[in-house]
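All remarks here apply to the structure that follows.
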Amino acid sequence: MTASTDHSRYDLVGVGIGPFNLSLAALADGAPELSTLFLDGRPAFSWHPGLLLEGTVLQVPFLADLVTMADPTSRWSYLNYLRAHDRMFPFFFSERFHIPRREYDHYCRWVAQSLPSCRFDARVTELRWEESEQAFALVHRSAEGTEQLVYARQVVLGVGTAPQLPAPLRQFLTEEHRGRILHSADYGHHRAALAEAADVTVIGAGQSGAEVVLDLVRQQDGEGSGGPYVRWLARTEAFAPMEYSKLGLEHFTPDYIHYFRALPEERREELVARQWQLYKGVSAETLADIHDELYERTIGGGAPRVGLHPGVELLAAEQEGPGYLLTCRHRQQDSEFTVRTDAVVSASGYAARRPDFLDGLGDLIDWDERGRYRVDGEYRVALDARVAGSLYVQNAEMHTHGVGAPDLTLGAWRAATILNSAADRVVHPVPERAAWTTFGAPDPGVRAVPAARHGADEQTGSRP
């Protein structure tokens, strides 16, 4: 291991370079007085590589890129990416509002490779507060073992979330079962082998689960014998579309965040559990594509080799010969049954994770009763009074800020909010009102001003 004497100081260091911290890095490019550095242990930017399937698209419009919702004039916008790659006219003629997922990944890689503040092959191994320096000390290490120490007045954690498997499947996270029991995040890496299996079970009724089901069904041949039998199990009572109405989408606005933050903790917990269709549903287009594939297979008297089973939870799993025996329960009927399958793809979502390097902060982080960050309105983590610096988080605050935490729609707005706080000035103005909906009880003493009329009318008090 080689130690470095580089003890550089930065105003802000970001740990992890996913879309959210990359958004912060791009927006910080407009604040040259702020010295920034962003670190990631991977060799290069990569966004959900196991789910970059042909034909899949983002579930948010292209305007929800890294910068546009905060600064549409930024050179790091998706439209400028098209211009830089001489693809503006093809994009215009394609009339796309939702862009291919593979293209979004390529766009983010272009930004990450272009920004000098982004450093890859730099895995953070330690984060601590140094009283003598009045700064956070971060140690990062390359794949070859070279270590560097940098200091930061403020740190932003954007380490992302980790794939989660249902408890009965976790026993199979060994090399012996690799490629046969897996999370959907790894589906693309094992796609060819799964297409040759006789029976594949997909668990989870979100977008990823639906896309895996659709891809497997499309690999069945027209004769009805090639490709795997595809079984889709989901706890939800239906394979339901994501809420995508115009007013429904206002849950992904600063207005809803402000409302949600003011609710009691127990009410926030109830709401997130009930609002699964806002962030865990399937696009109506993907559900329609699955239905169309099944319809095609009935032409001429055929039958689709597919089983769709909503309202089912997995109770237990065990190995049985070369395959697996799954014990399940139908929740409404309260009846148990078993299925035998050759492989399981679990599209069971992701969860915020606490990185090991936080151990260096000891008891300086004020965790809540469930071991989660306490996060304020500027995404600052509550710390011990001895710490003079600020620690921010991105996509680890659904419990305090609501269902918009993992959504790309609010990414640039949240990054701008953090940047303004870190710079102690307004680098990028952010709207306080963006929704038509009043989420809480209206104030009887205040005449509401429509979101679209904010500005001169509101300031002068003149009638619209």
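The values are calculated or read from the model by the stated rules, or taken from the named source; none is laboratory data. If you're wondering where the values come from, they're calculated on a predicted model, not measured in any experiment. When we count neighbours, we look across all protein chains shown, and the Cβ atoms used for this are built from the backbone with ideal geometry, even at glycine. These accessible areas exclude ligands, DNA and RNA; they are computed on the full protein's heavy atoms, side chains included. Shrake-Rupley method; radii C 1.70, N 1.55, O 1.52, S 1.80 Å.
What accessible area per residue comes out for the range 161-238, rounded to a whole number of Å², with a 1.4 Å probe?
Result: 44 Å² per residue.
Which of the following values of Kirkwood radius over Cα pairs in Å was calculated from the structure shown: [x] 22.2; [y] 24.4; [z] 23.5?
Here Kirkwood radius over Cα pairs in Å agrees with entry [y].
Tell me, what is the percent relative contact order of the chain, built from C-alpha pairs under 8 Å that lie six or more residues apart?
Contact order relative to length: 21 percent.
Which residue, Ala343, Gly323, His309, has the largest displacement toward the positive end of the dipole of the range 273-373 when charges sit on each Cβ (Lys, Arg +1; Asp, Glu -1)?
Going by the charge dipole, the pick is His309.
By the gyration tensor of its Cα atoms, with a ≥ b ≥ c the square roots of the eigenvalues, what is the shape of the range 228-273: rounded for a/c under 1.5, prolate for a/b over b/c, or oblate?
oblate
Considering only protein heavy atoms and a probe of 1.4 Å, how much of the accessible area of the chain is carbon and sulfur, as a whole percent?
51 percent
Based on the mean of other beta carbon atoms within 10 Å per residue, what is the order of 18-29, 336-347, most packed first?
18-29, 336-347
Mean separation of Cα pairs under 8 Å and 6+ residues apart, divided by the residue count of the range 85-162: what relative contact order is that in percent?
It comes to 17 percent, rounded to a whole number.
In whole Å, how far is the Cα centre of the range 206-284 from that of the range 395-427?
23 Å
Using a Förster radius of 35 Å, what is the FRET efficiency between Asp363 and Phe439 based on their Cβ-Cβ separation? Nearest 0.05, please.
Using R0 = 35 Å, I get an efficiency of 0.45.
Please give the calculated 222 nm ellipticity per residue for the chain, where each DSSP H segment of at least 4 residues contributes -39500 (n - 2.57) and the sum is spread over every residue; nearest 500 deg cm²/dmol?
That comes out to -7000 deg cm²/dmol.
Roughly how many nanometres apart are two label points built 7 Å out from the Cα toward the Cβ at Phe337 and Leu315?
Placing both labels 7 Å along Cα→Cβ, they lie 1.3 nm apart.
Give me the angle, in degrees from 0 to 90, between the Cα long axis of helix 207-218 and the longest principal axis of the Cα atoms of the chain, rounded to the nearest 10.
With rounding to tens, the tilt is 40 degrees.
Could you tally the net charge around Val67, taking each other residue with its Cβ under 13 Å from the Cβ of Val67, Lys/Arg +1 and Asp/Glu -1?
Net local charge, Val67 excluded: -1.
Rounded to whole Hz and in sequence order, give me ³J(HN,Hα) for the range 120-130 from the Karplus expression 6.51 cos²θ - 1.76 cosθ + 1.60, θ = phi - 60°, writing x for Gly and Pro.
9, 6, 9, 7, 6, 10, 8, 9, 9, 9, 10
Shape verdict for the range 110-196, please, from the Cα gyration tensor: rounded (a/c under 1.5), prolate (a/b greater than b/c) or oblate.
Since a/c reaches 1.5 and a/b is larger than b/c, the shape of the range 110-196 is classed as prolate.
Show me 240-249, 305-314, 201-210 ranked by packing, highest mean number of other Cβ atoms within 10 Å first.
The densest-packed peptide leads the list: 201-210, 305-314, 240-249.
Report the label-to-label distance for Ala382 and Arg96 in nanometres (one decimal), using points 7 Å from each Cα along the Cα→Cβ vector.
Simple spin-label model gives 4.4 nm for this pair.
In the neighborhood of Ala25, defined by Cβ-to-Cβ distances under 11 Å, what is the net charge if each Lys or Arg adds +1 and each Asp or Glu adds -1?
-1
Placing +1 on the Cβ of each Lys and Arg and -1 on the Cβ of each Asp and Glu in the chain, which of Tyr81, Leu294, Gly362 has its Cα farthest towards the positive end of the resulting dipole?
Among Tyr81, Leu294, Gly362, the one farthest towards the positive end of the dipole of the chain is Tyr81.
Below 8 Å between Cα atoms, with a sequence gap of 6+, how large is the relative contact order for the range 1-146 in percent?
31 percent
Compute the acute angle (0 to 90°) between the alpha-carbon long axis of helix 284-296 and the principal axis of greatest extent of the alpha-carbon atoms of the chain; round to the nearest 10°.
Result, in degrees: 20.
Roughly what would the spin-label model give for Glu432 and Tyr350, points 7 Å off Cα along C-beta, in nm?
Those two pseudo-labels are separated by 3.3 nm.
Give me the net charge for the shell around Arg235: Cβ to Cβ below 11 angstrom, other residues only, Lys and Arg +1, Asp and Glu -1.
+1
Averaged per residue, what accessible surface does the range 268-337 expose to a 1.4 Å probe, in Å²?
57 Å²
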